[in-house]
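Report on one structure; see the data block that follows.
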Amino acid sequence: MTYVDSNYAVYPELSNKVVMITGALGGLGSSFVEAFSASNSKIVLHHIGEAKAAERKKLQLNERGIETLIVEAELTNPSSIASIFEETKETIGPVDILINNAGYMSGKSFLEMTLDEWKRTIDIDLTSVFLTSQLAARQMSQVGAGVIINISSQLAYKGAPEYVDYCAAKAGIVGLTHAAARELGPNIRVNAIAPGPIATAMTSPYLTPEWIQARTQDSVTKSLGTPKEVASVAIFLASNGASLFHGQVVHPNGGGYMS
C-alpha cells in the first residue's frame, strides 16, 4: 500500500529514492519526512538519543507502506557519520537525496560567548553539513546523480543579537552551498532553504502575540511560517522541476528578507 498525504504535492520521480533527513524527529524534520513519504520515497530517519520516538515514527511509516531506516549518529563525530552512510548503503541503497536539517541554537551575547560555545554551534550547524554532504556526494557520484538540500536561516542574512554563532554558521551554509554546487554539479544539485521564523514545538512555549510580533514585524505576512510550508519547498527542490536550481537559496519567510 502506498501512502499519499494530500497536504503535499506528489512527485512520481521521487518514488523509491533514498532520502536521508538529519534531525528527522524535530518540527521541521518531521515535515520533511511527511513530504517525501507522500511521494513514496525511502526514508532514512536520523536522530540522536531519541530511539523510542524514532521507532514509533518508523512503525507509522511502515504501516503506510514506506520503507524506513533508523540511523543514529553524533554529527560532530566523523566516524559516526560515516557509519550511518555505510549502513544506509548496505541496507536500502546509496543516498539519493540528503536534507541537512539537524541544527543547534543557544543564545548568548557576543561579548559573553566563550570559544567553546562558539565552536559547539559551528561544529553542529556547519561542520556537520560539510561532513554529511561530502559523504553523500561520494555515494551520489557513484550512481551519477543526487540532490543535497541544506537548511540555512533568514538570520544568515539579517543577523540577530545574542546569536552571532548561529548566524555565522547559517551564513557559512550559504557559502558552502554555492561552492559545492559549482564543484558537484550538474548531476548533483546542491541548494539551500533559508526559512524565517517557524511555528514548531520548540517555539510553542513562546508564542505570545508580543513574541510573534517582535519576530515578524519586518515581514509582509506578519505571521510565522509552518513546517509544511518549508517542507513543500524541499520536495520541489528535490524534484525534476527544479533541474535549473544549482547553488540557490530559497527564502520561505513571508517577506522578512527579500533577495
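Just so you know, all these numbers are worked out from the coordinates, no wet-lab data involved. For clarity, every value in this text was computed on a predicted model and none was experimentally measured. Note that each Cβ is placed from the backbone with ideal geometry, even for glycine, and that neighbours are counted across all protein chains shown.
Which residue, of LEU207, LEU244, LEU237, is under 20 Å from VAL174 (Cα atoms), without any contact (Cβ under 8 Å) to a residue 60 or more places away in the chain and out of contact with any Ser or Thr (no Cβ under 6 Å at 6 or more places or on another chain)?
Checking each option against the conditions leaves just LEU244.
Within region 80-89, work out how many residues are out of contact with any strand residue (DSSP E or B) (no Cβ under 9 Å at 6 or more places or on another chain) and either under 24 Å from ALA38 (Cα atoms) or crowded, with 18+ Cβ neighbours inside 10 Å (or both).
Residues flagged as out of contact with any strand residue (DSSP E or B) (no Cβ under 9 Å at 6 or more places or on another chain) and either under 24 Å from ALA38 (Cα atoms) or crowded, with 18+ Cβ neighbours inside 10 Å (or both) within region 80-89 amount to 1.
Can you pull out the residues in region 117-165 that are in contact with a Ser or Thr (Cβ under 6 Å, 6 or more places away or on another chain) and within 24 Å of GLY256 (Cα to Cα)?
If the condition is that a residue be in contact with a Ser or Thr (Cβ under 6 Å, 6 or more places away or on another chain) and within 24 Å of GLY256 (Cα to Cα), then ASN150, GLU162, ASP165 are the ones that fit.
Take the residues in region 101-125 that are touching a residue at least 24 places away in the same chain (Cβ under 8 Å), farther than 25 Å from VAL190 by Cβ and hydrophobic (A, V, I, L, M, F, W, C); name whichever of them is surrounded by the most Cβ atoms within 10 Å (Cβ to Cβ).
MET113
Exactly one condition in (1) over 20 Å from the mean Cα position of the chain (by Cα); (2) surrounded by fewer than 18 Cβ atoms within 10 Å (Cβ to Cβ) is not met by SER219; state its number.
Checking SER219 against (1) over 20 Å from the mean Cα position of the chain (by Cα); (2) surrounded by fewer than 18 Cβ atoms within 10 Å (Cβ to Cβ), the one that fails is (2).
For region 153-189, what are the residues that are surrounded by 20 or more Cβ atoms within 10 Å (Cβ to Cβ) and among the small types (Gly, Ala, Ser)?
Of everything in region 153-189, those that are surrounded by 20 or more Cβ atoms within 10 Å (Cβ to Cβ) and among the small types (Gly, Ala, Ser) turn out to be SER153, ALA156, ALA169, ALA180, ALA181.
Quick one: in region 60-79, which of the residues that are of a type outside the set (A, V, I, L, M) and more than 19 Å from the chain's Cα centre (by Cα) is surrounded by the most Cβ atoms within 10 Å (Cβ to Cβ)?
GLU67
Could you list, in sequence order, the residues of region 35-53 that are surrounded by 21 or more Cβ atoms within 10 Å (Cβ to Cβ) and over 17 Å from GLU13 (Cβ atoms)?
VAL44, LEU45, HIS46, HIS47
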